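Inspection log for the structure reproduced underneath, given as structure tokens.
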4 protein chains.
Amino acid sequence: MSNLTRREAIGTTAIGAAGLALSATASSAGAQEPQPIAAIAGKHIPKPLRFDPAKLSGLSERLITSHWENNYQGSVRGLNTIEKRLAAAMADPDYPTVAYAGMKREELHRTGSMVLHELYFDGLGGDGNPGGPIFEALDSWFGSYEDWEAEFRRTAMSLAGGSGWCILTWNAHTRSLHNYWAWDHMHGAAAGVPLIALDMYEHSYHMDYGTAAARYVDAFMANLDWEVIDARYQAATT
Amino acid sequence: MSNLTRREAIGTTAIGAAGLALSATASSAGAQEPQPIAAIAGKHIPKPLRFDPAKLSGLSERLITSHWENNYQGSVRGLNTIEKRLAAAMADPDYPTVAYAGMKREELHRTGSMVLHELYFDGLGGDGNPGGPIFEALDSWFGSYEDWEAEFRRTAMSLAGGSGWCILTWNAHTRSLHNYWAWDHMHGAAAGVPLIALDMYEHSYHMDYGTAAARYVDAFMANLDWEVIDARYQAATT
Amino acid sequence: MSNLTRREAIGTTAIGAAGLALSATASSAGAQEPQPIAAIAGKHIPKPLRFDPAKLSGLSERLITSHWENNYQGSVRGLNTIEKRLAAAMADPDYPTVAYAGMKREELHRTGSMVLHELYFDGLGGDGNPGGPIFEALDSWFGSYEDWEAEFRRTAMSLAGGSGWCILTWNAHTRSLHNYWAWDHMHGAAAGVPLIALDMYEHSYHMDYGTAAARYVDAFMANLDWEVIDARYQAATT
Amino acid sequence: MSNLTRREAIGTTAIGAAGLALSATASSAGAQEPQPIAAIAGKHIPKPLRFDPAKLSGLSERLITSHWENNYQGSVRGLNTIEKRLAAAMADPDYPTVAYAGMKREELHRTGSMVLHELYFDGLGGDGNPGGPIFEALDSWFGSYEDWEAEFRRTAMSLAGGSGWCILTWNAHTRSLHNYWAWDHMHGAAAGVPLIALDMYEHSYHMDYGTAAARYVDAFMANLDWEVIDARYQAATT
């Protein structure tokens, strides 16, 4: 077993932002308060939009801004709240299992919402023209780009009027490309790397399109930034 | 847009087993039958166990063999069936959306079951002694290995008596480690890389332990192969 | 075992609209086509609104009409489609189980959506003033009407920004009143009789209120027809 | 609005066991502690088996006893725990919505498990021979009793190897009979009255049958008490 100190361990493993936060806290001399648990520190910070929400084609500034401010940021806040409660529960060995289950479900729920929304917004701002290795891969895996798009749209429309996500995914375990149907923020293929996350919750389109979900999907496709999608694909497969 | 032929495209992108199968099919001269769609070719082949099922500690050969033959292989067969039906539906533009939704859900369901079961079985066969960078990382993210294990077990036990998975996951988007609760084969954190997949469906333990799920979790932990877990962690983070 | 003919059986049991449709079909002389299966005949007919959608307080005609025409009627159509496909599958003993599962899930999904939407719309059109035995019962079960309403609103708001229903339910098995959280159209307490069905899918409010779900709940409460609610309660409990 | 006192209200409405418990508490003079909230008093008491678990055909005493003691009673205990926590949260207006959502989900989960298990056990102990109006109704709604049983078994088997319930249900809203697929304890048709609840969680059969779920369904059918089923049907439809 390892003889490394915690500090050395942090230096030798890939630790993200939360881990660094722990490190900073741990190094403050004489801290009396309990150490925050890095995994559930409740310190997620919303990411800004990387494009001007007034400049998308067919998706109004009001819609995008509401989606980003209310739905996305609401999930980040919710995740922070639930992480702090989970951390508190860790200190209580008698915490009821049945209540713990409910919190763990919300942790998954809000994590999925936060991550998928970030992938959604970061995938917008482009001109909708596909290209690069991801284009070739869609062609190979689905017979043609058009066949892929037809299956992607059909999957999306099977969620219209309700909730969920349609997710082009690189399955890192089976090493294959798929359009996965997801009923809510918690669904997704095990070992899946999301490349395109199309939000089918009604907050994504009702303000602009009412129930005309197919027109929303048109607008989504027209704003996709395929350089971002391709970069995700290449990062996942190489 | 690209001018590459499909064959060249295959050569330049990371294509897995199904893609190669397509390639082989596509090259056979004079084929009259429709091209299989590589993404949903329905050709998944069960992976063999990498350990002798008679040699685990506290998990009987009968249990492991039944789990692997019936539950895991049943999911592989189910996925192959549903993929072929999805491929057939792609040729029918009038296929009802409501029926398509049901099939897409089963595709996700069976994919998750296949992948998680492969991660489950491949993670067994060890001596249960943790070590390496993953051990250090658990220490960093949860305060100590013991605290991690306590949270992992609590999450698992919150699913006892029902169904689901407890999954130690590297979240590649937030770059952090978490124990995620999963209600069924379809649940999992978006962008999550499963490192330990603990099956909490009752077929994983009832034959040996009845409802004594905590004893099953003991046995699972005692057979974990941490070299495999660590290799997954290092592959995910570097 | 009974010696009743089918016709006599129909006469002695409570058979609803679909059963009568079967009866009519069965009586047509010389029919060559297979008998429709009454349980899954795919003949559901949308119910009209019982109030003028232009006359609700705080819920626009555009919103109510869109909700009723698109979301509700879409579910009725989807249910009819899936029932006919289930009926066809009954004639095929080799129909794959995995595909059947997907259709049965959609049957439940669309049934729930149809029924809950009918309860939703039929519960509107009133002045929001509670009274009668249901008012007394809420007082008894929750300490006061105000405490009930606080719990009902909190349950509803826990679904804001996503999907689901908040359902005041008479549990006919435990013989008690509860506000149940429902994640989607398929959720509901076993043996539950819905008394108030508050739609929390975003199509219920986004057009009028955007993400301000609490204001939508205000409007919903202000339009509740408590005579209808009370009649449901009395029918369920006597 | 009503001028009835709470006591009079209780006298005029159908209040079950929990309501009576409240009544008793409310009448005790000088109580200083907060009133329990009858709807979530956390006082559910497990029901005894109405048959000798050693006397079923093809379902072992060990299996039935384990199922009843551990799975069923575990759910009753879980529901009591979560109800008490919900009651405590009602007194805290700042209780986080995200944590409340998790508890409401567990309330539904455990309620469904308690109710469905009671219907399951109370439906056993018979000789499996159907008769009475329910038999005639199955014949009418499904074409024949045999067709009904085929659809019931197919629905059940679509859940084999996982979790859920297959539920013959009188839909009190559509006034029709259906076999509903249910993925877990929370699923069920809105306004549905369960007549036969077939538990497909693996704890229902693995001890006796391993993964041979079809043989378990055989055994379940052979022990059904159709007098009970028929009584439920008649109560629901008259």
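The values are calculated or read from the model by the stated rules, or taken from the named source; none is laboratory data. This is a predicted model, so every value here is computed, not measured. Glycine gets a Cβ as well: all are built from the backbone with ideal geometry, and neighbour counts include every protein chain shown. Just the protein is used for accessible areas: all its heavy atoms, side chains included, with ligands, DNA and RNA removed. Shrake-Rupley method; radii C 1.70, N 1.55, O 1.52, S 1.80 Å.
If the condition is being in contact with a Pro (Cβ under 8 Å, 6 or more places away or on another chain) and under 19 Å from B:SER176 (Cα atoms), then region A:83-114 contributes A:ARG85, A:ALA87.
Taking the conditions exactly as written (open to solvent by 10 Å² or more (accessible area, probe 1.4 Å) and of a type in the set (Asp, Glu)), does C:GLU118 satisfy them or not? Spelling it out, C:GLU118 is indeed open to solvent by 10 Å² or more (accessible area, probe 1.4 Å) and of a type in the set (Asp, Glu). B:VAL228 satisfies every condition listed in (1) facing another protein chain (nearest Cβ under 7 Å); (2) in contact with an Asp or Glu (Cβ under 8 Å, 6 or more places away or on another chain); (3) of a type in the set (A, V, I, L, M) except (1). For region A:179-186, the condition holds for at least one residue, the condition being that it is over 19 Å from C:TYR201 (Cα atoms) and either of a type in the set (A, V, I, L, M, F, W, C) or crowded, with 24+ Cβ neighbours inside 10 Å (or both). Being open to solvent by 10 Å² or more (accessible area, probe 1.4 Å) and at pLDDT 95 or above, is that true of even one residue in region D:196-203? Scanning region D:196-203 turns up no residue that is open to solvent by 10 Å² or more (accessible area, probe 1.4 Å) and at pLDDT 95 or above. Within the span defined as region A:118-137, one or more residues are hydroxyl-bearing (Ser, Thr, Tyr) and over 30 Å from D:HIS109 (Cα atoms). Scanning region D:84-116 for residues that are among the charged types (D, E, K, R) and either free of Cβ contacts under 8 Å to residues at least 40 places away in the same chain or closer than 17 Å to C:CYS166 by Cβ (or both) yields D:ARG85, D:ASP92, D:ASP94, D:LYS104, D:ARG105, D:GLU106, D:GLU107. Among the conditions (1) surrounded by 17 or more Cβ atoms within 10 Å (Cβ to Cβ); (2) modelled with pLDDT under 95, the only one that D:ASP92 does not satisfy is (1). When region C:210-238 is filtered for residues that are open to solvent by 40 Å² or more (accessible area, probe 1.4 Å) and among the hydrophobic types (A, V, I, L, M, F, W, C), the ones remaining, listed by number, are C:ALA214, C:ALA222, C:ALA231, C:ALA235.
Could you check, for region A:182-193, whether at least one of its residues is over 27 Å from B:LEU116 (Cα atoms) and in contact (Cβ under 8 Å) with a residue 60 or more places away in the chain? No, because not a single residue in region A:182-193 is over 27 Å from B:LEU116 (Cα atoms) and in contact (Cβ under 8 Å) with a residue 60 or more places away in the chain. Among the residues of region C:128-158, those identified as buried (at least 23 other Cβ atoms within 10 Å of the Cβ) and touching a Cys at 6+ places or on another chain (Cβ under 9 Å) are C:THR155, C:ALA156, C:SER158. Each residue in region A:211-238 was checked for being over 15 Å from A:MET157 (Cβ atoms) and part of a loop (DSSP other than H, G, I, E, B), and 3 pass.
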